[in-house]
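Chemist: Please see the structure below; I have some questions.
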Amino acid sequence: RPFGPFIDILRQVAHEPAARRLGPALRGRLSPLVTLLPELLPEAHARSEQGGDRFRIYDAFVDLLSGAPEWDVRVVIVEDLHWADEASLELFAHLARHLPEGGVALVGTYRSDELHRTHPLQPVLVAMERARTAEVTRLGPLDRDGSDKVVRATLATRAVPPDLLETIRARRRGGGDARTDG
């Protein structure tokens, strides 16, 4: 859906205790965001134009995230950019160019093995690297110990059934032999 990952971010912001302080801004400079998530401010949505101009939405996100450190948000993570729609990719690149340094860290994840030559994320990545608005960190697959640590941390226990670990090891790279470390 258009702006899908960013609508999810807005939904999280709306549930933060500090969101109450956003009310006046949502009626003003952040009002384009209400078109994406009407429950942010239902009475404003009833009066707002449907859809909104993309660039007004982009700038409203910059304004929203520029103030995020005031309400204890330090990192915004957008996962699976390889599945994102064009509007979300444009917004991600816009945020990378326009968020003030030292404010909120913007992190995007994607699977490089999902990107073919003409994938819509390719030009975004090239432009961000060329403009030096991004730092790319390539991560390899987890080894056996790394995979086991993630499972234990996720389940918040050291006692994980061995058969569960074996199943996860077998699937962590899309199948294969559960006894391999690669």
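FYI, it's all coordinate maths here, none of it is from the lab. Since the structure is predicted, the reported quantities are computational estimates derived from the model, not experimental observations. In this analysis, Cβ positions are derived from the backbone assuming ideal geometry, glycine residues included, and neighbour counts consider all displayed protein chains.
Chemist: Check which residues have an amide H placed less than 5 Å from residue 78's amide H, if you skip close sequence neighbours.
Modeler: 107, 108, 109
Chemist: Sticking with this one: Can you tell me which of 86-99, 120-133 comes out highest on packing, and rank the rest after it, using the mean Cβ neighbours within 10 Å? Don't jump to the answer; show the numbers that get you there.
Modeler: Values: 86-99: 18.7, 120-133: 14.1.
My ranking of the peptides, most packed first, is 86-99, 120-133.
Chemist: Kindly rank 134-140, 33-39 from highest to lowest mean number of other beta carbons found within 10 Å of each residue.
Modeler: Values: 134-140: 8.9, 33-39: 19.3.
Top of the packing list down: 33-39, 134-140.
Chemist: Let me ask something else. Stretch residue 156-residue 16 to full length: gain in nm at 0.36 nm per residue minus the Cα-Cα span? The partial results should precede the final answer.
Modeler: Values: separation 140, 0.36 × 140 = 50.40 nm, distance 2.46 nm.
So the extension gain works out to 47.9 nm.
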